[in-house]
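Participant: Handing you this structure, nothing more for now.
The values are calculated or read from the model by the stated rules, or taken from the named source; none is laboratory data. Just so it is clear, the model here is predicted, and its values are computed rather than measured. Cβ sites come from the backbone with ideal geometry, for glycine too, and all protein chains shown count toward neighbours. Note: accessible area is taken over every heavy atom of the protein model, side chains too, but ligands, DNA and RNA are not part of it. Shrake-Rupley method; radii C 1.70, N 1.55, O 1.52, S 1.80 Å.
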Amino acid sequence: MDSKQMEARIKALESQVANLRDIEEIKRLQKAYGYYLEHFMNDEIMDLFSDSPDLVLNGASGGKQDLRDFFKSLKDLSRNPEFIHQAMQISGIVDINPDGVTAQGRWYGYGAVALPSGKGVRGISLDGIYTCEYVKEDGKWKIKKLTFHPIFLAPLGEGWIKKERIAAISTDEHRQSGSPRKPLDSEARYPSGYI
């Protein structure tokens with residue numbers, strides 16, 4: 001291998017390393033979003049978003065101040081100890097664009113919500129897909145567009161499968177599919193206040 005080939009190979013490897021580093025930074029950014037959202041860390045969550053006037057969250061745009069107002073409006077919920085939510089973002093795929101300063105991501109979002117309502121609490125299980133656009137500002141990746149596309153929102157006591165489909169299950173088939181399992185022994189039962 002001559003020196004020109006060696007330089008080209010080194011340059012290609014440097015580019016691959018930079019691309020992998022960017023992907024890992026974006027994955028960390030997205031995980032921080034979920035953590036800050038769950039814990040109502042409004043100041044910290046704002047640092048994750050782009051300063052672009054084209055900023056979008058769940059289809060709503062208007063810039064960072066509108067986003068700040070939105071997160072502040074959720075803060076009242078956090079004061080109720082019976083309100084709990086999760087924002088798990090899993091199986092993420094991130095693609096860095098050739099320009100090296102923009103990227104797209106797709107994540108499965110799964111979680112559960114305990115939402116106080118009247119004198120009771122409504123439990124909801126949810127699943128969906130996050131689609132995201134990212135931009136590198138001053139050398140740091142930021143969220144420019146984040147949209148959650150729900151696949152299902154279902155009451156915890158009912159689930160997302162229609163009752164008639166559950167009623168049609170063959171009990172003989174179910175018994176053959178595996179041995180019965182012991183229920184989980186856990187003290188972290190709702191409402192525990194534990195996060």
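Participant: Looking only at residues that are of a type in the set (D, E, K, R) and under 26 Å from Ser73 (Cα atoms) in segment 15-51, which one is farthest from the chain's Cα centre (by Cα)?
Facilitator: Only one residue fits best here, namely Asp51.
Participant: OK, next. Looking only at segment 151-172, filter to residues that are open to solvent by 80 Å² or more (accessible area, probe 1.4 Å) and in a strand (DSSP E or B); which one of those is farthest from Lys27 (Cα to Cα)?
Facilitator: Leu153
Participant: Yes or no: Leu48 touching a helix residue (DSSP H, G or I) at 6+ places or on another chain (Cβ under 6 Å) and either in contact (Cβ under 8 Å) with a residue 40 or more places away in the chain or among the small types (Gly, Ala, Ser) (or both)?
Facilitator: Yes: the conditions hold for Leu48.
Participant: Tally time: how many residues in segment 87-115 are among the aromatic types (Phe, Trp, Tyr) and surrounded by 18 or more Cβ atoms within 10 Å (Cβ to Cβ)?
Facilitator: Selection size over segment 87-115: 1.
Participant: Given (1) of a type in the set (Lys, Arg); (2) at pLDDT 95 or above; (3) over 18 Å from Leu146 (Cα atoms), where does Arg9 come up short, assuming only one miss?
Facilitator: The failed condition is (2).
Participant: Now for a separate question. Counting only residues that are in contact (Cβ under 8 Å) with a residue 40 or more places away in the chain and under 15 Å from the mean Cα position of the chain (by Cα), how many does segment 52-107 have?
Facilitator: 11
Participant: Are any of the residues in segment 88-109 under 24 Å from Ile129 (Cβ atoms) and modelled with pLDDT under 85?
Facilitator: no
Participant: If we scan segment 116-123, do we find a residue that is under 19 Å from the mean Cα position of the chain (by Cα) and open to solvent by 30 Å² or more (accessible area, probe 1.4 Å)?
Facilitator: No: zero hits.
Participant: So in segment 23-65, with the set limited to residues that are among the aliphatic types (A, V, I, L, M) and in a loop (DSSP other than H, G, I, E, B), which one is most open to solvent (accessible area, probe 1.4 Å)?
Facilitator: Ranking the candidates gives Met41 first.
Participant: So Ser186 ticks every box in (1) at pLDDT 95 or above; (2) open to solvent by less than 50 Å² (accessible area, probe 1.4 Å); (3) more than 15 Å from the chain's Cα centre (by Cα) but one. Which box is left unticked?
Facilitator: It is condition (1) that Ser186 fails.
Participant: Can I ask one more? Condition first: charged (D, E, K, R) and under 24 Å from Ile90 (Cα atoms). Now tell me which residues in segment 1-42 satisfy that.
Facilitator: To start, the set of residues in segment 1-42 that are charged (D, E, K, R) comprises 2, 4, 7, 9, 11, 14, 21-22, 24-25, 27-28, 31, 38.
Within segment 1-42, Arg21, Asp22, Glu24, Glu25, Lys27, Arg28, Lys31, Glu38 qualify.
Participant: Residue by residue through segment 66-78, note down the ones that are farther than 18 Å from Thr131 by Cα and surrounded by 12 or more Cβ atoms within 10 Å (Cβ to Cβ). First the steps, then the outcome.
Facilitator: In the first step, residues of segment 66-78 are kept if they are farther than 18 Å from Thr131 by Cα; the result is 66, 68-78.
Hits for segment 66-78 are Asp66, Arg68, Phe70, Phe71, Leu74, Leu77, Ser78.
Participant: Can you name the residue in segment 124-150 that is of a type in the set (A, V, I, L, M) and touching a residue at least 40 places away in the same chain (Cβ under 8 Å) and is also surrounded by the fewest Cβ atoms within 10 Å (Cβ to Cβ) among such residues?
Facilitator: Val135
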